[in-house]
Amino acid sequence: MSKNYTKDLIKKEFMKLLDERTLDNITVTELAKKCNIERKTFYYHYENLEQLIKEIFESELDIVIEEFNENLSWEDSFILAAKFILDNKKAIRHIYYSDYKVDVERYVYSMSGEVISKYVSHISKGTRAQDIDISLISYFYQCALSSALIQWIATNMKADPVLITNRLGKLMDGNILLSLKRSENLETFTQNIKFE
């Protein structure tokens, strides 16, 4: 078996197990058995389940970055980027309610940031908005979107996030562009701010 095939198989079977039960009820032995590999093969690829979880989120974030389409609205981009979460609701909740909650939050925050910063940057090309304001607007929307998605995960995922995102898009339509245009007429902002 090739290295990538085995790693992909481990990720796939791990997500299937997470869909069925909580993380603390999954063992490396059981995962290896599901993959028809030996335990040592798992440990050849990953030090532990934590490293596996981190790699799953990193791989999904790479897909979000790679597949960003600047012709889509921020709503459609965000929904597309959140597809991994929407397709794996139970598994994501099981990770969220484990010792790896921070990994879910970090992924959601990074994913939201990738989508909104690229969207705002694209929209800003038609303006003379100040760089700091482009960053501030991106940061504001990143915080709002990631917080809303994390809250949705934390509260049993009952509402339909696609409907909510589309509704928000209609309510806020044009606000990003208006904010960027307002930046053109504001005094220069000299405060040094770094967003992480």
Every residue in region 1-18 that is in a helix (DSSP H, G or I), of a type outside the set (Ser, Thr, Tyr) and open to solvent by 70 Å² or more (accessible area, probe 1.4 Å), please.
Lys3, Asn4, Asp8, Lys12, Lys16
How do the helices (runs of 4 or more DSSP H) wholly within region 40-137 filter down when requiring 3 or more residues that are of a type in the set (S, T, N, Q) and open to solvent by 30 Å² or more (accessible area, probe 1.4 Å): which remain?
101-124
So for region 138-148 (the condition being of a type in the set (Phe, Trp, Tyr), open to solvent by 60 Å² or more (accessible area, probe 1.4 Å), assigned to a helix (DSSP H, G or I) and in contact (Cβ under 8 Å) with a residue 40 or more places away in the chain), does at least one residue qualify?
yes
Does region 149-160 contain any residue that is open to solvent by less than 70 Å² (accessible area, probe 1.4 Å) and either touching a Cys at 6+ places or on another chain (Cβ under 9 Å) or at positive phi (or both)?
yes
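On the given criteria, is Gly113 farther than 25 Å from Glu58 by Cβ and of a type outside the set (S, T, N, Q)? Before you say what the answer is, go through the steps one by one.
Working: farther than 25 Å from Glu58 by Cβ: no; of a type outside the set (S, T, N, Q): yes.
No, not satisfied.
Tell me which residues, restricted to region 22-39, are outside any helix (DSSP H, G or I) and either open to solvent by 70 Å² or more (accessible area, probe 1.4 Å) or hydroxyl-bearing (Ser, Thr, Tyr) (or both).
Residues satisfying the conditions are Thr22, Thr27, Asn36, Glu38.
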Neighbours by Cβ (under 8 Å, 6+ apart or cross-chain): first from region 173-192, over 14 Å from Ile137 (Cα atoms); second assigned to a loop (DSSP other than H, G, I, E, B) and among the small types (Gly, Ala, Ser):
none
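The values are calculated or read from the model by the stated rules, or taken from the named source; none is laboratory data. Everything numeric here is computed off the predicted structure, so don't read it as measured data. Neighbour counts are summed over all protein chains in view; Cβ atoms, including those assigned to glycine, are modelled from backbone coordinates with ideal geometry. Remember, those area values only see protein heavy atoms, side chains included, never the ligands or the DNA or RNA. Shrake-Rupley method; radii C 1.70, N 1.55, O 1.52, S 1.80 Å.
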